[in-house]
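Rule-based calculations on the coordinates, nothing more; no lab input. Computed from a predicted structure; not experimentally measured. Heads up, the Cβs are rebuilt from the backbone with ideal geometry, glycines too, and the neighbour counts pull from every protein chain shown.
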């Protein structure tokens, strides 16, 4: 799959974790594909309730690994609430602190939590002397939210739903943001092209094409700003 992605033109793939095991697997995958795959480690809000202090100690040691490029996928999900909201909030704040400690970006999940995520991230970015950075992945908010977070230094990442007219908020955000302020992604295995086709890294090419169509430009015009934004996110 990675070889096919590279052949198709994909240059960087960020693989996030959602619990301890997947975070370890992301690091192993990055080690096998240096220069293409970057690893993030994270505890997803769905899994926050399963973390005890022993698990957090393991995760903190994992976050200190030199090959970790970001903390994620972290955030809040008040749509499914698979973990209690307070457990989600505690996990989010613990991981934001870890990201600050190790000067790492955060990859943020937000579902039905737009206001709280915005307030939390704006407060985190506003700390005196901070260089905190991050990306709102598979963005589902509106243009006003995207602009507020972008002004604070966060990137906005768009997945395939931006191609659908039903996603009015994310489409408006995609149209408003300047080049260099957004990324593209797959959110694999979710948000794929259709039930019969696997959602693999090449889906990101379709997202770029849709963004270019909306902005009345060529896909090639978006490549360099996306590449530069990705490198800046990871502190390159």
May I ask you to derive the FRET efficiency for residue 217 and residue 144 from their Cβ-Cβ distance with R0 = 25 Å, giving the value to the nearest 0.05? 0.60
Over the Cα atoms of segment 141-236, Rg to Rh with Kirkwood Rh, two decimal places? 0.95
Once you place label points 7 Å from the Cα toward the Cβ at residue 178 and residue 151, how far apart are they in nm? 1.3 nm
How long are the semi-axes of the equivalent ellipsoid of segment 2-233, defined as square roots of 5 times the Cα gyration tensor eigenvalues? Whole Å, largest first. 26, 21, 17
Length gained if residue 65 through residue 224 is fully extended, taking 0.36 nm per residue and subtracting the Cα-Cα distance, is 54.3 nm
Taking the Cα atoms of segment 1-117, what is the range of coordinates along each of the three principal axes, in descending order and whole Å? 43, 29, 23
Is it possible to state the helix-based mean residue ellipticity at 222 nm for the chain, with each DSSP H run of 4+ residues giving -39500 (n - 2.57), the sum divided by total residues, to the nearest 500 deg cm²/dmol? What is it? -13500 deg cm²/dmol
Once R0 is set to 22 Å, what does the formula 1/(1 + (r/R0)^6) return for the Cβ-Cβ distance between residue 115 and residue 168, expressed as a FRET efficiency to the nearest 0.05? 0.75
With R₀ set to 41 angstrom, the calculated FRET efficiency between the beta-carbons of residue 79 and residue 7, to the nearest 0.05, is 0.65
Could you tell me how far the Cα centroid of segment 87-133 sits from the Cα centroid of segment 17-54, in Å? 17 Å
Between 71, 117, 156, find the one with the highest GNM mean-square fluctuation for the chain; connect C-alpha pairs within less than 10 Å. 117
